[in-house]
1. Taking the Cα centre of the chain as the origin and placing charges on Cβ (Lys, Arg +1; Asp, Glu -1), which of F62, F13, S79 is farthest toward the positive end of the dipole?
2. Name the lysines eligible as straight-distance cross-link partners of K12: C-alpha to C-alpha under 30 Å, and not fewer than 8 places from it in the same chain.
3. Which percent of Cα-Cα pairs in the chain sits in each 10 Å bin, short to long?
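Taken together, the values in this text are just the output of simple stated rules run on the coordinates, not laboratory data. All figures in this text were calculated on a predicted structure; none of them were measured in a lab. Because the Cβ atoms are built from the backbone with ideal geometry, glycine has one as well, and the counts that use them run over all protein chains shown.
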Amino acid sequence: MGNWAVVEAKAKFSELIETARVQGAQEITRNGKLVGVLVSPEEWKRVKHTPAENARTMSEFFRNSPLAGSGLDLRRSRSKARKVEL
């Protein structure tokens, strides 16, 4: 991953875009601190459009895990919260 100072990124913006397209994500820094990252449109679409159906709940994860038959109770308790004195 390349690293560009803001001043350099502004002065060589076309080069920065091409570098991100060819070499991958490019970090942009100001006073040595990361302030941005430039990625190619293809990389952005890949990351941004990750299908939501791949996201699972914790109980789905455990239900489909190799530990599914271990006797772990995955049902949610519907009881009210216990009282705690502060």
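1. Sorting the options by dipole projection puts first S79.
2. K33, K45, K48
3. Result, from short to long distances: 14, 24, 15, 16, 18, 12, 1 percent.
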